[in-house]
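Everything on this sheet refers to the single structure shown next.
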Amino acid sequence: MIQAIQQRLSQLRNQPTLPLKLIVETVGAGGVYLRPESGLNFPSITPVYSLTGHQEIALEMGLSNSAIALISGPPATGKTRIAASLADAAINHEKRILILSYYPTVLDAYEKLPGYPLRLNQSESHQNSIAEQLRNHHLYQPKMDYLPAYYLPDLELAKLRTPAKLETWLPRIENKSHAEISQLLQREFPDLTPARRDIVAIQLQRLTPLLKQQLSLSQLFGSLPETEIEQLAKQLANSPQIPILATAREFFDVANQSLWESKFDLVIVEESQYLSWDELILLAGLTQKLVLFGDETHTYISQRNANTLTRVDAFSFLSHHLLPAYSYKLTQQFRLHPEIAVPVYSLISNDWIQTYTEPIYYNLPSLNHRLVWQDVPQTTEIQNISNCLKNLPDNREDIGIIATSEGERERLIQEYPQYFIDTIDNWRGKERKIVVFCCSGEPQNVKWEQTKIALTRAKDYLIMVGDFERWRPNSPLQKLAVTRLKSTERTVILS
């Protein structure tokens, strides 16, 4: 793979793009400014997510005609929101884009982008990967959520708009009044008030012709023969308007090296701090605009000597040497409650991170503090989690559990199958209002990067369960100050 990348790099050297020129000149001479601009020319847009003032500045830098935009910030400062808003704008303006991340769960945030984003598969070629997705997802489970522009989204109505539901409901509601339809819906939506059920019935009645067309298309797509699916995949593979999602491992795999010959209007990379110099330069040579999102985490070496560049992570180097016109640091977070954010960000960031408060927070009378450590004996962490969960609300979608290893994850799933449970790396790009961090693994096996992720997934309450004295001296958690120890509850309050 390395040899294939280097061969492609030697080809790109003859016709360098603007991002590639900027990187080369920055490495050679420090901060430089390129007069030529990319031809993206985005008009004013409305972001798909609500953004703070800091995030809007970063988005505008991504939309600008500069060759590179480097957006840095610790976890929970909104990098994925900015990137998704940028990708949405690019797709709507018919730009060809590539979105990369080093962890597949981060890409989940882009699955609902317009234009049917396609995920690469490391074990298959680009075209074969598209054909597989057409078979398993886009054709047999097509998107059924489009509505006329004058209709507002209705979450209850959306539950009836899957092909399986429509096949059952359309014959039942045909030629029925909205009052009769409302009566039929009572069993489907027993918790809705009669007035709310009437609204769903009226919308369902008005949309019946459209829903029939959607169901017909779904059935038609599902019956396509293999030869036509392969032909459709070939056409899509060459389409300039299909957004491509991939992990870095998938994109840089030789099975997908045909994409290294492509030209993209925009390349977006999350977790850019993990890019090697070869990977960064290859991506810069494929696009008009390169947008890098990441967190400066690695030890930085200030010299710009060619002998040291291989030991300097590319993202950190550029963040220090690009001119301010090309880079922006996020210092405002919107996810964590202030009582969690103040001690956590003092640990994980050298910068003061402002907390952008939201008006509504979970408030649980059963918990006096929002950042706590349930101190339990070693080897009993998983069993003792039940003591935390019994004081939490019944809404399981608001609660998640973080495991420190795959073995721990499997044991937790057996014990608590009703909750979202995953290892730390698979929590990247995810959040819950209440998070329980099960610290039953070996502290020395949890990397600093993983600690930062674990501490920034909870919006309103973060509860860590483990042997505090075993974890405190052997992990970055030792830097969290202990203000009080309740011996009766064995609860360490962190602030």
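Filtering GLU431, GLU442, GLU410, GLU415 for residues that are under 16 Å from the mean Cα position of the chain (by Cα), surrounded by fewer than 19 Cβ atoms within 10 Å (Cβ to Cβ) and not assigned by TED's automatic domain parsing to the domain that holds GLU296 leaves a single hit, GLU431.
Quick check on VAL27: is it among the β-branched types (Val, Ile, Thr), assigned to a loop (DSSP other than H, G, I, E, B) and more than 18 Å from GLN288 (Cβ to Cβ)?
On the way: among the β-branched types (Val, Ile, Thr): yes; assigned to a loop (DSSP other than H, G, I, E, B): no; more than 18 Å from GLN288 (Cβ to Cβ): yes.
So VAL27 fails the test.
For the condition over 30 Å from SER272 (Cβ atoms), modelled with pLDDT of 85 or more and either of a type in the set (Gly, Ala, Ser) or assigned by TED's automatic domain parsing to the domain that holds LEU280 (or both), what is the one hit in ALA248, ALA179? Full working, then the answer.
On the way: ALA248 fails: over 30 Å from SER272 (Cβ atoms).
Being over 30 Å from SER272 (Cβ atoms), modelled with pLDDT of 85 or more and either of a type in the set (Gly, Ala, Ser) or assigned by TED's automatic domain parsing to the domain that holds LEU280 (or both) holds for just one of ALA248, ALA179, which is ALA179.
Of all residues in region 180-210, those that are basic (Lys, Arg) and either surrounded by 16 or more Cβ atoms within 10 Å (Cβ to Cβ) or under 35 Å from the mean Cα position of the chain (by Cα) (or both) total 2. Filtering region 324-350 to residues that are free of Cβ contacts under 8 Å to residues at least 24 places away in the same chain and assigned to a loop (DSSP other than H, G, I, E, B) leaves only ASN350.
Within region 353-368, does at least one residue satisfy the condition of being among the hydrophobic types (A, V, I, L, M, F, W, C), assigned by TED's automatic domain parsing to the domain that holds LEU392 and crowded, with 18+ Cβ neighbours inside 10 Å? Within region 353-368, none of the residues are among the hydrophobic types (A, V, I, L, M, F, W, C), assigned by TED's automatic domain parsing to the domain that holds LEU392 and crowded, with 18+ Cβ neighbours inside 10 Å.
Restricting region 246-282 to residues that are in contact with a Phe, Trp or Tyr (Cβ under 8 Å, 6 or more places away or on another chain) and part of a strand (DSSP E or B) leaves a set whose member that is surrounded by the fewest Cβ atoms within 10 Å (Cβ to Cβ) is THR247.
Among the residues of region 396-454, which ones are assigned to a helix (DSSP H, G or I), of a type in the set (Lys, Arg), farther than 23 Å from THR380 by Cβ and modelled with pLDDT of 90 or more?
Quick first cut of region 396-454, residues assigned to a helix (DSSP H, G or I) only: 396-398, 406-415, 424-427, 443-445, 448-454.
Add one more test, that the residue is of a type in the set (Lys, Arg), and what stays is 396, 409, 411, 452.
The next check asks that each one be farther than 23 Å from THR380 by Cβ; those that pass are 396, 452.
Across region 396-454, the qualifying residue is only LYS452.
Once region 369-395 is narrowed to residues that are touching a helix residue (DSSP H, G or I) at 6+ places or on another chain (Cβ under 9 Å), in a helix (DSSP H, G or I) and in contact (Cβ under 8 Å) with a residue 40 or more places away in the chain, the residue that is surrounded by the fewest Cβ atoms within 10 Å (Cβ to Cβ) is ILE382.
Restricting attention to region 5-23, the residues that are surrounded by 15 or more Cβ atoms within 10 Å (Cβ to Cβ) and over 23 Å from LEU322 (Cα atoms) add up to 2. Output the residues belonging to region 148-177 that are touching a Leu at 6+ places or on another chain (Cβ under 6 Å) and either part of a loop (DSSP other than H, G, I, E, B) or in contact (Cβ under 8 Å) with a residue 60 or more places away in the chain (or both). The answer is none; no residue qualifies.
Mind telling me which of the residues LEU40, LEU86, LEU98, LEU70 ends up being buried (at least 18 other Cβ atoms within 10 Å of the Cβ), in contact with a helix residue (DSSP H, G or I) (Cβ under 8 Å, 6 or more places away or on another chain), over 25 Å from GLY429 (Cα atoms) and not hydroxyl-bearing (Ser, Thr, Tyr)?
Values: LEU86 fails: over 25 Å from GLY429 (Cα atoms); LEU98 fails: over 25 Å from GLY429 (Cα atoms); LEU70 fails: over 25 Å from GLY429 (Cα atoms).
From the options LEU40, LEU86, LEU98, LEU70, the qualifying one is LEU40.
Of everything listed in (1) under 18 Å from the mean Cα position of the chain (by Cα); (2) part of a helix (DSSP H, G or I); (3) buried (at least 20 other Cβ atoms within 10 Å of the Cβ), the single unmet condition for LEU292 is (2). Within region 168-179, being more than 26 Å from GLN219 (Cβ to Cβ), surrounded by 14 or more Cβ atoms within 10 Å (Cβ to Cβ) and out of contact with any Asp or Glu (no Cβ under 8 Å at 6 or more places or on another chain) holds for no residue. Scanning region 403-414 for residues that are in contact with a Lys or Arg (Cβ under 6 Å, 6 or more places away or on another chain) and either among the small types (Gly, Ala, Ser) or within 16 Å of TYR103 (Cβ to Cβ) (or both) turns up at least one hit.
Can you pull out every residue in region 455-472 that is modelled with pLDDT of 90 or more and either surrounded by fewer than 21 Cβ atoms within 10 Å (Cβ to Cβ) or β-branched (Val, Ile, Thr) (or both)? THR456, ILE463 - these are the residues of region 455-472 that are modelled with pLDDT of 90 or more and either surrounded by fewer than 21 Cβ atoms within 10 Å (Cβ to Cβ) or β-branched (Val, Ile, Thr) (or both). Every residue in region 178-194 that is outside any helix (DSSP H, G or I) and touching a residue at least 24 places away in the same chain (Cβ under 8 Å), please. PHE189, LEU192 - these are the residues of region 178-194 that are outside any helix (DSSP H, G or I) and touching a residue at least 24 places away in the same chain (Cβ under 8 Å).
Results for (1) within 20 Å of GLU261 (Cα to Cα); (2) among the basic types (Lys, Arg); (3) more than 19 Å from the chain's Cα centre (by Cα); (4) in a helix (DSSP H, G or I), shown as yes or no for each residue.
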| site | (1), (2), (3), (4) |
| --- | --- |
| GLN7 | yes, no, yes, yes |
| SER10 | yes, no, yes, yes |
| LYS21 | yes, yes, yes, yes |
| VAL32 | no, no, yes, no |
| GLU37 | no, no, yes, no |
| GLN55 | no, no, no, yes |
| PRO74 | no, no, no, no |
| ARG81 | no, yes, no, yes |
| LYS95 | yes, yes, yes, no |
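The values are calculated or read from the model by the stated rules, or taken from the named source; none is laboratory data. Just so it is clear, the model here is predicted, and its values are computed rather than measured. Cβ: placed from backbone, ideal geometry, glycine included. Neighbour counts: every protein chain shown.
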